[in-house]
Amino acid sequence: MSTSPATPTASTLRAARRRDRRVYTRSHPVLFALLAAARRRTVTRIGRTVLVHGATPYRQALTQVPLNRTATGTTGGAARQLSEGGTLFDQEGAEHRATRRAIADELGTAGVERLRPVWQNVLDRRLAPLRAGRDVDLVPLARELAGATVCVLLGTSGDPQDIAAAAAEAAAAAVRDHLPGPRRPGSARTAAGATARLEALLTPASGETTRPALRAMLALAAVNTTVAALPRAAAWCADAGLWEQAADDRLRPALVGELLRVTAPSPLLPRVAGADAELDRCPVRAGDRLLLVARHAARAHDQPPNARHPAPPAVAQLVFGAGPHACPGARLARTQLDDVLAALAPHRPAILRARVDRRAALPTWRSLTIRATDARRTAENR
(Lines give C-alpha, C1' and ligand atoms only; values in the text may rest on other atoms or scores of the structure.)
Protein backbone atom coordinates (compact mmCIF):
# COMPACT_ATOMS: atom_id res chain seq x y z
CA MET A 1 0.00 0.00 0.00
CA SER A 2 1.37 3.40 -0.98
CA THR A 3 0.90 6.13 1.61
CA SER A 4 -1.56 8.83 0.62
CA PRO A 5 0.36 12.03 -0.28
CA ALA A 6 0.05 14.94 2.13
CA THR A 7 -0.64 17.66 -0.43
CA PRO A 8 -1.55 17.74 -4.12
CA THR A 9 1.26 18.10 -6.64
CA ALA A 10 1.32 17.97 -10.42
CA SER A 11 2.53 14.37 -10.18
CA THR A 12 -0.14 13.19 -7.72
CA LEU A 13 -2.89 14.95 -9.68
CA ARG A 14 -1.78 13.13 -12.84
CA ALA A 15 -1.78 9.83 -10.96
CA ALA A 16 -5.30 10.50 -9.66
CA ARG A 17 -6.50 11.34 -13.17
CA ARG A 18 -4.95 8.17 -14.61
CA ARG A 19 -6.77 6.02 -12.08
CA ASP A 20 -10.07 7.82 -12.60
CA ARG A 21 -9.84 7.47 -16.39
CA ARG A 22 -9.95 3.71 -15.94
CA VAL A 23 -13.65 3.80 -15.10
CA TYR A 24 -14.21 5.13 -18.64
CA THR A 25 -11.60 3.24 -20.65
CA ARG A 26 -12.46 -0.16 -19.17
CA SER A 27 -16.23 0.11 -18.95
CA HIS A 28 -17.09 2.13 -22.08
CA PRO A 29 -13.90 2.07 -24.19
CA VAL A 30 -15.42 2.68 -27.63
CA LEU A 31 -17.72 5.48 -26.52
CA PHE A 32 -14.96 7.12 -24.46
CA ALA A 33 -12.57 7.03 -27.42
CA LEU A 34 -15.21 8.55 -29.71
CA LEU A 35 -16.01 11.37 -27.31
CA ALA A 36 -12.34 12.06 -26.58
CA ALA A 37 -11.53 12.26 -30.30
CA ALA A 38 -14.35 14.73 -30.97
CA ARG A 39 -13.91 17.05 -27.98
CA ARG A 40 -11.59 19.54 -29.71
CA ARG A 41 -14.66 21.13 -31.25
CA THR A 42 -17.41 22.45 -29.01
CA VAL A 43 -20.07 20.88 -31.26
CA THR A 44 -19.56 18.07 -33.78
CA ARG A 45 -22.07 16.47 -36.09
CA ILE A 46 -21.77 12.80 -37.05
CA GLY A 47 -24.71 11.97 -39.32
CA ARG A 48 -27.90 12.69 -37.36
CA THR A 49 -26.02 12.75 -34.04
CA VAL A 50 -24.70 16.01 -32.60
CA LEU A 51 -21.96 15.77 -29.96
CA VAL A 52 -21.98 18.78 -27.63
CA HIS A 53 -18.78 19.33 -25.63
CA GLY A 54 -18.52 23.07 -24.95
CA ALA A 55 -19.96 24.66 -21.83
CA THR A 56 -21.95 27.34 -23.67
CA PRO A 57 -23.64 25.09 -26.28
CA TYR A 58 -24.23 22.46 -23.60
CA ARG A 59 -26.14 25.02 -21.52
CA GLN A 60 -27.97 26.29 -24.59
CA ALA A 61 -29.03 22.76 -25.54
CA LEU A 62 -30.71 22.35 -22.15
CA THR A 63 -32.22 25.81 -21.86
CA GLN A 64 -32.97 27.03 -25.41
CA VAL A 65 -33.46 23.99 -27.66
CA PRO A 66 -36.89 22.30 -27.50
CA LEU A 67 -36.33 18.68 -26.56
CA ASN A 68 -38.37 15.59 -27.40
CA ARG A 69 -38.57 14.11 -23.92
CA THR A 70 -40.13 10.78 -24.96
CA ALA A 71 -37.93 9.92 -27.97
CA THR A 72 -36.25 6.52 -28.14
CA GLY A 73 -32.71 6.64 -26.83
CA THR A 74 -33.34 9.41 -24.31
CA THR A 75 -33.73 9.15 -20.56
CA GLY A 76 -37.43 10.00 -20.81
CA GLY A 77 -37.95 7.57 -23.65
CA ALA A 78 -36.32 4.79 -21.66
CA ALA A 79 -38.45 5.64 -18.63
CA ARG A 80 -41.62 5.42 -20.72
CA GLN A 81 -40.56 2.08 -22.24
CA LEU A 82 -39.53 0.56 -18.94
CA SER A 83 -42.72 1.42 -17.09
CA GLU A 84 -46.00 3.18 -17.71
CA GLY A 85 -44.32 6.57 -17.96
CA GLY A 86 -45.27 9.61 -15.97
CA THR A 87 -41.79 10.12 -14.52
CA LEU A 88 -39.86 13.34 -14.14
CA PHE A 89 -37.77 12.34 -17.16
CA ASP A 90 -40.56 12.01 -19.73
CA GLN A 91 -42.97 14.69 -18.55
CA GLU A 92 -43.42 18.03 -20.29
CA GLY A 93 -44.95 21.43 -19.59
CA ALA A 94 -46.98 22.01 -16.45
CA GLU A 95 -46.80 18.37 -15.35
CA HIS A 96 -42.99 18.43 -15.52
CA ARG A 97 -42.79 21.69 -13.59
CA ALA A 98 -45.18 20.46 -10.90
CA THR A 99 -43.22 17.23 -10.39
CA ARG A 100 -39.94 19.12 -10.25
CA ARG A 101 -41.33 21.49 -7.61
CA ALA A 102 -42.54 18.60 -5.48
CA ILE A 103 -39.18 16.83 -5.66
CA ALA A 104 -37.28 20.07 -5.06
CA ASP A 105 -39.34 20.62 -1.91
CA GLU A 106 -38.48 17.14 -0.65
CA LEU A 107 -34.78 17.72 -1.38
CA GLY A 108 -34.54 21.30 -0.14
CA THR A 109 -32.62 22.34 2.96
CA ALA A 110 -35.17 20.93 5.41
CA GLY A 111 -35.59 17.72 3.44
CA VAL A 112 -31.85 17.06 3.25
CA GLU A 113 -31.43 17.70 6.98
CA ARG A 114 -34.23 15.21 7.63
CA LEU A 115 -32.38 12.60 5.58
CA ARG A 116 -28.90 13.35 6.88
CA PRO A 117 -28.98 11.11 9.98
CA VAL A 118 -29.77 8.17 7.70
CA TRP A 119 -26.49 8.25 5.82
CA GLN A 120 -24.50 9.45 8.83
CA ASN A 121 -25.54 6.27 10.62
CA VAL A 122 -24.31 4.21 7.65
CA LEU A 123 -21.00 6.09 7.66
CA ASP A 124 -20.46 5.61 11.40
CA ARG A 125 -21.05 1.89 11.16
CA ARG A 126 -19.35 1.17 7.84
CA LEU A 127 -16.19 3.19 8.59
CA ALA A 128 -15.68 1.83 12.12
CA PRO A 129 -13.23 -0.86 10.88
CA LEU A 130 -10.82 1.88 9.76
CA ARG A 131 -10.24 2.78 13.40
CA ALA A 132 -9.23 -0.80 14.09
CA GLY A 133 -6.78 -0.92 11.21
CA ARG A 134 -9.02 -3.02 8.96
CA ASP A 135 -9.84 -2.45 5.32
CA VAL A 136 -13.09 -0.95 4.03
CA ASP A 137 -14.60 -1.28 0.56
CA LEU A 138 -16.28 2.01 -0.26
CA VAL A 139 -18.57 0.63 -2.96
CA PRO A 140 -20.84 -1.45 -0.65
CA LEU A 141 -20.82 1.54 1.71
CA ALA A 142 -22.03 3.83 -1.09
CA ARG A 143 -24.71 1.33 -2.09
CA GLU A 144 -26.11 1.03 1.42
CA LEU A 145 -25.90 4.79 1.94
CA ALA A 146 -27.84 5.41 -1.27
CA GLY A 147 -30.36 2.64 -0.64
CA ALA A 148 -31.05 3.74 2.93
CA THR A 149 -31.54 7.34 1.81
CA VAL A 150 -33.96 6.28 -0.92
CA CYS A 151 -35.96 4.18 1.55
CA VAL A 152 -36.59 7.15 3.83
CA LEU A 153 -37.08 9.60 0.97
CA LEU A 154 -39.74 7.41 -0.65
CA GLY A 155 -41.25 6.10 2.58
CA THR A 156 -40.62 2.43 1.91
CA SER A 157 -39.61 -0.32 4.30
CA GLY A 158 -37.62 -2.24 1.69
CA ASP A 159 -34.08 -3.43 2.39
CA PRO A 160 -31.57 -0.71 1.37
CA GLN A 161 -29.08 -3.20 -0.07
CA ASP A 162 -31.76 -4.98 -2.10
CA ILE A 163 -33.08 -1.67 -3.44
CA ALA A 164 -29.58 -0.50 -4.37
CA ALA A 165 -28.85 -3.78 -6.15
CA ALA A 166 -32.15 -3.66 -8.04
CA ALA A 167 -31.57 -0.03 -9.07
CA ALA A 168 -28.10 -0.90 -10.37
CA GLU A 169 -29.47 -3.90 -12.29
CA ALA A 170 -32.28 -1.87 -13.85
CA ALA A 171 -29.91 0.91 -14.92
CA ALA A 172 -27.36 -1.52 -16.36
CA ALA A 173 -30.08 -3.32 -18.31
CA ALA A 174 -31.40 -0.05 -19.74
CA VAL A 175 -28.10 1.61 -20.56
CA ARG A 176 -28.07 0.45 -24.17
CA ASP A 177 -31.19 2.50 -24.79
CA HIS A 178 -29.15 5.58 -23.85
CA LEU A 179 -25.88 4.95 -25.66
CA PRO A 180 -25.02 4.65 -29.36
CA GLY A 181 -24.65 1.18 -30.80
CA PRO A 182 -26.70 -1.94 -31.48
CA ARG A 183 -29.21 -3.25 -28.95
CA ARG A 184 -28.88 -6.78 -27.68
CA PRO A 185 -31.84 -9.06 -28.44
CA GLY A 186 -34.25 -9.02 -25.53
CA SER A 187 -32.56 -6.06 -23.84
CA ALA A 188 -35.80 -4.08 -23.60
CA ARG A 189 -37.58 -7.02 -21.94
CA THR A 190 -34.69 -7.49 -19.51
CA ALA A 191 -34.68 -3.81 -18.60
CA ALA A 192 -38.47 -3.74 -18.10
CA GLY A 193 -38.28 -6.80 -15.85
CA ALA A 194 -35.51 -5.28 -13.75
CA THR A 195 -37.52 -2.07 -13.36
CA ALA A 196 -40.61 -4.02 -12.32
CA ARG A 197 -38.59 -5.76 -9.61
CA LEU A 198 -37.37 -2.39 -8.38
CA GLU A 199 -40.91 -1.02 -8.29
CA ALA A 200 -42.01 -4.04 -6.24
CA LEU A 201 -39.26 -3.36 -3.67
CA LEU A 202 -40.38 0.26 -3.38
CA THR A 203 -43.90 -0.50 -2.17
CA PRO A 204 -44.92 2.70 -0.39
CA ALA A 205 -46.30 3.10 3.07
CA SER A 206 -50.06 3.41 3.44
CA GLY A 207 -51.36 6.67 2.04
CA GLU A 208 -48.40 7.32 -0.28
CA THR A 209 -49.65 8.31 -3.74
CA THR A 210 -46.42 8.74 -5.72
CA ARG A 211 -46.61 6.75 -8.95
CA PRO A 212 -44.55 3.52 -9.03
CA ALA A 213 -42.72 4.59 -12.19
CA LEU A 214 -41.68 7.91 -10.69
CA ARG A 215 -40.55 6.21 -7.47
CA ALA A 216 -38.50 3.67 -9.42
CA MET A 217 -36.83 6.28 -11.61
CA LEU A 218 -35.99 8.48 -8.63
CA ALA A 219 -34.44 5.49 -6.88
CA LEU A 220 -32.59 4.48 -10.04
CA ALA A 221 -31.12 7.97 -10.50
CA ALA A 222 -30.24 8.48 -6.84
CA VAL A 223 -28.58 5.11 -6.32
CA ASN A 224 -26.54 5.00 -9.50
CA THR A 225 -25.22 8.56 -9.32
CA THR A 226 -24.32 8.15 -5.65
CA VAL A 227 -22.49 4.88 -6.20
CA ALA A 228 -20.69 6.42 -9.17
CA ALA A 229 -19.62 9.60 -7.38
CA LEU A 230 -18.66 8.80 -3.79
CA PRO A 231 -15.94 6.14 -4.29
CA ARG A 232 -14.43 8.06 -7.22
CA ALA A 233 -14.26 11.25 -5.17
CA ALA A 234 -12.54 9.39 -2.33
CA ALA A 235 -10.05 7.91 -4.79
CA TRP A 236 -9.20 11.40 -6.04
CA CYS A 237 -8.52 12.51 -2.46
CA ALA A 238 -6.31 9.50 -1.73
CA ASP A 239 -4.30 9.65 -4.96
CA ALA A 240 -3.98 13.42 -5.29
CA GLY A 241 -3.30 14.29 -1.65
CA LEU A 242 -6.54 16.14 -0.94
CA TRP A 243 -7.26 14.86 2.57
CA GLU A 244 -5.92 18.03 4.21
CA GLN A 245 -8.44 20.05 2.22
CA ALA A 246 -11.18 17.54 3.06
CA ALA A 247 -10.43 17.98 6.76
CA ASP A 248 -10.68 21.78 6.53
CA ASP A 249 -14.26 22.91 7.20
CA ARG A 250 -13.62 26.13 5.23
CA LEU A 251 -12.22 24.41 2.13
CA ARG A 252 -14.33 21.26 2.08
CA PRO A 253 -17.47 22.80 0.48
CA ALA A 254 -15.37 24.04 -2.45
CA LEU A 255 -13.61 20.67 -2.66
CA VAL A 256 -17.00 18.93 -2.80
CA GLY A 257 -18.03 21.05 -5.77
CA GLU A 258 -14.74 20.40 -7.52
CA LEU A 259 -14.86 16.64 -6.95
CA LEU A 260 -18.41 16.43 -8.27
CA ARG A 261 -17.27 18.44 -11.29
CA VAL A 262 -14.34 16.16 -12.13
CA THR A 263 -16.18 12.90 -11.44
CA ALA A 264 -19.25 14.07 -13.43
CA PRO A 265 -21.40 11.16 -12.12
CA SER A 266 -23.73 11.42 -15.16
CA PRO A 267 -21.07 12.19 -17.79
CA LEU A 268 -23.34 11.95 -20.83
CA LEU A 269 -26.91 13.16 -21.29
CA PRO A 270 -28.69 11.65 -24.34
CA ARG A 271 -31.40 13.89 -25.74
CA VAL A 272 -33.33 14.40 -29.00
CA ALA A 273 -34.03 17.82 -30.52
CA GLY A 274 -37.73 18.61 -30.76
CA ALA A 275 -37.27 21.47 -33.24
CA ASP A 276 -34.66 23.04 -35.50
CA ALA A 277 -31.98 25.07 -33.71
CA GLU A 278 -28.32 26.03 -33.84
CA LEU A 279 -25.52 25.32 -31.40
CA ASP A 280 -22.26 27.21 -31.88
CA ARG A 281 -22.96 27.66 -35.61
CA CYS A 282 -23.78 23.96 -36.01
CA PRO A 283 -27.32 23.48 -37.39
CA VAL A 284 -29.54 21.15 -35.38
CA ARG A 285 -32.59 19.61 -37.01
CA ALA A 286 -35.70 18.28 -35.30
CA GLY A 287 -35.14 14.61 -34.58
CA ASP A 288 -31.34 14.90 -34.32
CA ARG A 289 -29.85 12.99 -31.46
CA LEU A 290 -27.94 15.19 -29.02
CA LEU A 291 -25.17 13.67 -26.92
CA LEU A 292 -24.49 16.29 -24.27
CA VAL A 293 -21.10 15.53 -22.74
CA ALA A 294 -21.25 16.91 -19.20
CA ARG A 295 -17.74 15.66 -18.50
CA HIS A 296 -16.28 17.91 -21.18
CA ALA A 297 -18.61 20.88 -20.64
CA ALA A 298 -17.51 21.03 -16.99
CA ARG A 299 -13.84 20.60 -17.98
CA ALA A 300 -13.57 17.43 -15.93
CA HIS A 301 -11.18 15.95 -18.49
CA ASP A 302 -8.45 18.60 -18.27
CA GLN A 303 -8.92 20.73 -15.14
CA PRO A 304 -8.18 18.82 -11.91
CA PRO A 305 -10.01 19.69 -8.68
CA ASN A 306 -8.71 22.81 -6.97
CA ALA A 307 -10.60 23.88 -3.85
CA ARG A 308 -8.53 27.04 -3.53
CA HIS A 309 -9.29 28.13 -7.09
CA PRO A 310 -12.49 26.30 -8.05
CA ALA A 311 -14.16 26.48 -11.43
CA PRO A 312 -16.85 29.16 -11.81
CA PRO A 313 -20.20 27.98 -10.40
CA ALA A 314 -21.78 28.29 -13.85
CA VAL A 315 -19.31 25.66 -15.11
CA ALA A 316 -19.24 23.37 -12.09
CA GLN A 317 -23.05 23.28 -11.96
CA LEU A 318 -23.23 21.81 -15.46
CA VAL A 319 -22.72 18.28 -14.11
CA PHE A 320 -26.22 18.72 -12.62
CA GLY A 321 -27.72 20.02 -15.87
CA ALA A 322 -29.06 23.53 -16.41
CA GLY A 323 -32.25 25.56 -16.30
CA PRO A 324 -35.47 23.52 -16.27
CA HIS A 325 -33.37 20.38 -16.74
CA ALA A 326 -31.17 20.90 -13.66
CA CYS A 327 -31.06 17.98 -11.23
CA PRO A 328 -33.19 18.66 -8.13
CA GLY A 329 -30.93 16.36 -6.12
CA ALA A 330 -27.83 18.59 -6.34
CA ARG A 331 -28.07 19.74 -2.72
CA LEU A 332 -28.46 16.14 -1.54
CA ALA A 333 -25.41 15.03 -3.55
CA ARG A 334 -23.24 17.83 -2.21
CA THR A 335 -24.27 17.25 1.40
CA GLN A 336 -23.69 13.51 1.19
CA LEU A 337 -20.23 13.93 -0.31
CA ASP A 338 -19.35 16.60 2.27
CA ASP A 339 -20.23 14.19 5.07
CA VAL A 340 -18.34 11.30 3.45
CA LEU A 341 -15.18 13.40 3.09
CA ALA A 342 -15.47 14.71 6.65
CA ALA A 343 -15.76 11.15 7.96
CA LEU A 344 -12.82 9.85 5.91
CA ALA A 345 -10.42 12.77 6.28
CA PRO A 346 -9.19 11.98 9.85
CA HIS A 347 -8.00 8.57 8.64
CA ARG A 348 -6.17 9.81 5.51
CA PRO A 349 -7.01 6.52 3.77
CA ALA A 350 -4.94 5.16 0.90
CA ILE A 351 -6.18 2.79 -1.80
CA LEU A 352 -5.30 -0.90 -1.56
CA ARG A 353 -7.29 -2.26 -4.52
CA ALA A 354 -9.56 -0.84 -7.20
CA ARG A 355 -11.66 -2.77 -9.75
CA VAL A 356 -13.75 -1.15 -12.47
CA ASP A 357 -17.42 -2.09 -12.77
CA ARG A 358 -17.70 -3.02 -16.45
CA ARG A 359 -21.47 -3.59 -16.29
CA ALA A 360 -22.61 -0.47 -14.47
CA ALA A 361 -24.75 2.09 -16.25
CA LEU A 362 -22.46 4.91 -15.12
CA PRO A 363 -18.64 4.80 -15.03
CA THR A 364 -17.68 3.66 -11.55
CA TRP A 365 -15.76 1.17 -9.44
CA ARG A 366 -16.91 -2.34 -8.67
CA SER A 367 -14.78 -2.24 -5.54
CA LEU A 368 -12.49 0.36 -4.00
CA THR A 369 -10.72 -0.91 -0.89
CA ILE A 370 -9.06 1.58 1.43
CA ARG A 371 -6.98 1.48 4.60
CA ALA A 372 -6.30 4.22 7.14
CA THR A 373 -2.82 5.77 7.22
CA ASP A 374 -3.33 8.31 10.03
CA ALA A 375 -0.90 8.34 12.93
CA ARG A 376 -3.71 8.57 15.51
CA ARG A 377 -5.18 5.24 14.49
CA THR A 378 -1.71 3.61 14.48
CA ALA A 379 -0.99 4.84 18.00
CA GLU A 380 -4.34 3.63 19.30
CA ASN A 381 -3.67 0.09 18.13
CA ARG A 382 -0.13 -0.36 19.44
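The values are calculated or read from the model by the stated rules, or taken from the named source; none is laboratory data. Bear in mind the structure is a predicted one, so any value in this text is a computation, not a measurement. Don't worry about glycine lacking a Cβ; one is built from the backbone with ideal geometry, like all the others, and counts go over all protein chains shown.
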### Query
Within the group R126, R131, R143, which residue is under 18 Å from W365 (Cβ atoms), in contact (Cβ under 8 Å) with a residue 60 or more places away in the chain and of a type in the set (D, E, K, R)?
R143
### Task
Tell me, yes or no, whether the range 361-375 has at least one residue that is in a helix (DSSP H, G or I) and of a type in the set (S, T, N, Q).
no
### A228 being under 26 Å from R295 (Cβ atoms), modelled with pLDDT under 95 and either touching a strand residue (DSSP E or B) at 6+ places or on another chain (Cβ under 6 Å) or buried (at least 24 other Cβ atoms within 10 Å of the Cβ) (or both)
no
### Query
From the list D239, D280, D276, which one is surrounded by fewer than 22 Cβ atoms within 10 Å (Cβ to Cβ), touching a strand residue (DSSP E or B) at 6+ places or on another chain (Cβ under 8 Å) and in contact (Cβ under 8 Å) with a residue 60 or more places away in the chain?
D280
### Message
Against the definition (free of Cβ contacts under 8 Å to residues at least 60 places away in the same chain and touching a Ser or Thr at 6+ places or on another chain (Cβ under 9 Å)), how does A300 come out, yes or no?
### Response
yes
#### Entry: Subset of the range 342-362 [over 13 Å from W119 (Cβ atoms), at pLDDT 95 or above and either hydrophobic (A, V, I, L, M, F, W, C) or within 15 Å of the chain's Cα centre (by Cα) (or both)]
L344, A345, A350, I351, L352, A354, V356, D357
### Message
Being of a type in the set (K, R) and at pLDDT 95 or above is the filter here; which residues of the range 1-40 pass it?
### Response
R14, R17, R18, R19, R21, R22
### Task
Determine whether I351 is touching a His at 6+ places or on another chain (Cβ under 9 Å), surrounded by 19 or more Cβ atoms within 10 Å (Cβ to Cβ) and not in a loop (DSSP other than H, G, I, E, B).
no
### Query
helices (runs of 4 or more DSSP H) wholly in the range 119-225 with at least 1 residues that are of a type in the set (A, V, I, L, M), modelled with pLDDT of 90 or more and within 30 Å of D374 (Cβ to Cβ) - which ones?
128-131, 138-154, 160-174
